[in-house]
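The values are calculated or read from the model by the stated rules, or taken from the named source; none is laboratory data. Just so it is clear, the model here is predicted, and its values are computed rather than measured. Because the Cβ atoms are built from the backbone with ideal geometry, glycine has one as well, and the counts that use them run over all protein chains shown.
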Amino acid sequence: MKEIIKIEELNKVYDTGAIQVHALQNVSVSIMEGEYVAIMGQSGSGKSTLMNILGCMDRQFQGTYLLDGIPIVDQGENDLSRIRNKKIGFVFQAFQLIPRTSALKNVEIPMIYGGMKAEERKIKANNLLEKVGLGERVHHMPNELSGGQKQRVAIARALANDPAIILADEPTGNLDSHSSHEIMDFFTKLNEEGATVIVVTHEEDIAQCTKRIIRFQDGQIVSDEKVVKEG
Amino acid sequence: MIFENLKLAMFSIRANKMRSFLTMLGMIIGISSVIAIVSLGDTMRSVVAGEYENFGTGLAGVYIMSPDDVYTDSNLFTKEDADQLKEAMGGELTYVGFRSSTRADVKAGRKTETVSLTGLAENPTEMKDPKIMYGRMLNDKDILEKKNFVVLDSTTAVNIFGQENVVGKTIKTTIQNQAEELLVIGVFQNTDSALMKLMNGGSVADAFVPESILLSENEYQWSLYFCMAEDQDMTQLQSRVVAYIARMKNQDLENIICNSAQQEMSSIDSMLASLSAVVGAIAAISLVVGGIGIMNIMLVSVTERTREIGIRKALGARTGDIMIQFLIEAAAISAAGGLIGTLLGISVVAIGGMIVGVGVVVKPSVVLIAVAFSAMVGLGFGLYPAKKAAKKDPVEALRYE
């Protein structure tokens, strides 16, 4: 098994002038290819900070972070953009679809920045939307879709460039329980197909859908254990 | 990628139609006024040039200035002087003589009209043939034989007789205190544009008569006219003519004042050119104002779309991608404004030209410069907002409400 994420002695300090907030303290963790992991913690526990670092959107940290073997701290801004584009599929709590832009176009965006040809990415975007069960709604605008549907478009978009990891930040935070289960089932299915999925959440039942739970408190890992499925 | 950005820009312009249009309005007004003003200047220049073309650009007039304001025979010209000069210069001068014109009351029936009569000398090469509508033009024979003939311009014909074809009719007038009766042998088309009339305060010539009936044989004339053959180095020939006249009339060289049509034309031309350049530059200031409008709206747009920028960055957009997206949007707004402004400017000039009855000159170079300038204004003023957009931190931008 390949080690897809390797973090060692990660520290992050927010310097707001008067006070220094130690958001992450000596965090070391490694995630293998094909794992299905939940990162849990209350707000302020440092899980969002970790999420931003894992997502290569924040490189102001101390320590080492290897994503698919690439050291992140040394990368330039444009190289980070490229890494995000190729290696990471984001799913956000607030869906983050571009307004007044069809589902299809939204799914195409990562492929546009990846430099894929127009016909090719159109076919792929259609296939991905088909896969998330929105084959009938490719031309719908985000405001014409329900919350669950929006999140499924976002998942299709996250899969666009066949990323090394899928990074979902509170993916069910804005959804009702029915849609939440739909989305989590979908992540489970993706993981069964071999995808590495990391879900950041504060909800216990969501975390229980995964196979491994890493708990955060005050910027430190307090527990890291496998989920024992009942039955 | 550029194509994708162009599509994005068009999409965003369409999504905010009213706002985009109002932003463009600054550019539209600026560009259309620059084009209208510069084209108006160019049109006037071409009208002036065309008017001189009718006279022949080789035409020049010369007179002898007296420093002490005492004018004697040696300051004036006779027919003999003219003939002598023509002989001395050989074929280089196609015509040497006097231009005579007078304003006279012309009567036909009970109607009286003031008309400017222009005398034509034999071999009248200094004047391009006017467009004859009826009858014929004066010829050398008419002039040598001092025929009481007249060729009227169509407008004057209508004013006097109420119709254009008046060949064979007679008009009564007074020339050199003598009542004369002139037979109309031709009518020429009045080609003077309304603009030219405005500038001249009237027509150039209403009627042509043989010069021989306007001038008496041995009269002294203030000024001598000559026409240089077109293939000559006119400046050089002109100075030789001046030198010859100085010797012939035994005068100082600096007292011989010579004005050629070409000089006059180029001085009017350069005056008009600098005038339209100055007014055009003032109009160009409005383009800067339009540019500021674009910058303002782009800043609003960048703030409004902070989240979109964050999403795009998270999904792999590089700094340059975001920058180009907003730059193209700004340039597209101003180029579209420039294009509409160009069309508006050209139509304003064209409609104006139609009203005044002048063929309009719109130089492609002016249009090209105006559109290029508007796109540059868009790029220039779009640069700061685009940079601001590109520099946004993705984490912050995604959290923006």
* Asked: Got a sec? Which of A:Leu24, A:Leu129 is away from chain B (no Cβ under 14 Å) and in contact (Cβ under 8 Å) with a residue 60 or more places away in the chain?
  -> A:Leu24
* Asked: Looking at (1) surrounded by 15 or more Cβ atoms within 10 Å (Cβ to Cβ); (2) in contact with a Phe, Trp or Tyr (Cβ under 9 Å, 6 or more places away or on another chain); (3) farther than 23 Å from B:Arg240 by Cβ; (4) more than 14 Å from every other protein chain (Cβ to nearest Cβ), can you tell me which one B:Val62 breaks?
  -> (3)
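Table: residues versus (1) of a type in the set (Ser, Thr, Tyr); (2) crowded, with 16+ Cβ neighbours inside 10 Å; (3) in contact (Cβ under 8 Å) with a residue 24 or more places away in the chain; (4) part of a helix (DSSP H, G or I).
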| position | (1), (2), (3), (4) |
| --- | --- |
| B:Cys227 | no, yes, yes, no |
| B:Gln238 | no, yes, yes, yes |
| B:Ile257 | no, no, yes, no |
| B:Ile268 | no, yes, yes, yes |
* To do: Hey, could you check the stretch A:1-25 for residues that are more than 12 Å from A:Thr64 (Cβ to Cβ) and modelled with pLDDT of 90 or more and say which is surrounded by the fewest Cβ atoms within 10 Å (Cβ to Cβ)?
  => A:Glu3
* Can you tell me which residue within the stretch B:312-325, out of those that are in contact (Cβ under 8 Å) with a residue 40 or more places away in the chain, surrounded by fewer than 23 Cβ atoms within 10 Å (Cβ to Cβ) and within 10 Å of another protein chain (Cβ to nearest Cβ), is nearest to A:Asp58 (Cα to Cα)? => B:Thr319
* Asked: Got at least one residue in the stretch B:5-19 being away from every other protein chain (no Cβ under 14 Å) and either of a type outside the set (Ser, Thr, Tyr) or assigned to a helix (DSSP H, G or I) (or both)?
  -> yes
* **Evaluation of A:Ala160 against (1) in a strand (DSSP E or B); (2) at pLDDT 95 or above; (3) out of contact with any Leu (no Cβ under 6 Å at 6 or more places or on another chain) (one fails), failing number** => (1)
* Asked: If we scan the stretch A:29-43, do we find a residue that is surrounded by fewer than 16 Cβ atoms within 10 Å (Cβ to Cβ) and more than 29 Å from A:Lys229 (Cβ to Cβ)?
  -> no
* **Number of the exception - A:Glu108 against (1) within 14 Å of chain B (Cβ to nearest Cβ); (2) among the acidic types (Asp, Glu); (3) within 19 Å of A:Leu190 (Cα to Cα)** => (3)
* Asked: Is it the case that A:Val107 is under 21 Å from B:Tyr400 (Cα atoms) and either aliphatic (A, V, I, L, M) or within 20 Å of the chain's Cα centre (by Cα) (or both)?
  -> no
* Asked: What are the residues in the stretch B:65-85 that are charged (D, E, K, R) and touching a residue at least 40 places away in the same chain (Cβ under 8 Å), if any?
  -> B:Asp73, B:Lys79, B:Asp81
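Kindly establish whether B:Gly353 is over 29 Å from the mean Cα position of the chain (by Cα) and in contact (Cβ under 8 Å) with a residue 40 or more places away in the chain.
The answer is no for B:Gly353.
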* Looking at the stretch B:94-114, which of its residues are in contact (Cβ under 8 Å) with a residue 60 or more places away in the chain and under 20 Å from B:Ile143 (Cα atoms)? -> B:Thr94, B:Tyr95, B:Val96, B:Gly97, B:Phe98, B:Arg99, B:Ser100, B:Ser101, B:Thr102, B:Ala104
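Going by what's in this entry, would B:Val300 be described as more than 14 Å from every other protein chain (Cβ to nearest Cβ), within 29 Å of B:Arg399 (Cα to Cα) and surrounded by fewer than 23 Cβ atoms within 10 Å (Cβ to Cβ)? Reasoning before the result, please.
Details: more than 14 Å from every other protein chain (Cβ to nearest Cβ): yes; within 29 Å of B:Arg399 (Cα to Cα): yes; surrounded by fewer than 23 Cβ atoms within 10 Å (Cβ to Cβ): yes.
Yes.
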* Structure fact -> Selection from the stretch B:206-236 of residues farther than 30 Å from B:Ile185 by Cβ and out of contact with any Gly (no Cβ under 9 Å at 6 or more places or on another chain) yields B:Tyr220, B:Asp231, B:Asp233, B:Thr235, B:Gln236
* A:Thr49 passes all but one of (1) modelled with pLDDT of 90 or more; (2) part of a strand (DSSP E or B); which number fails? -> (2)
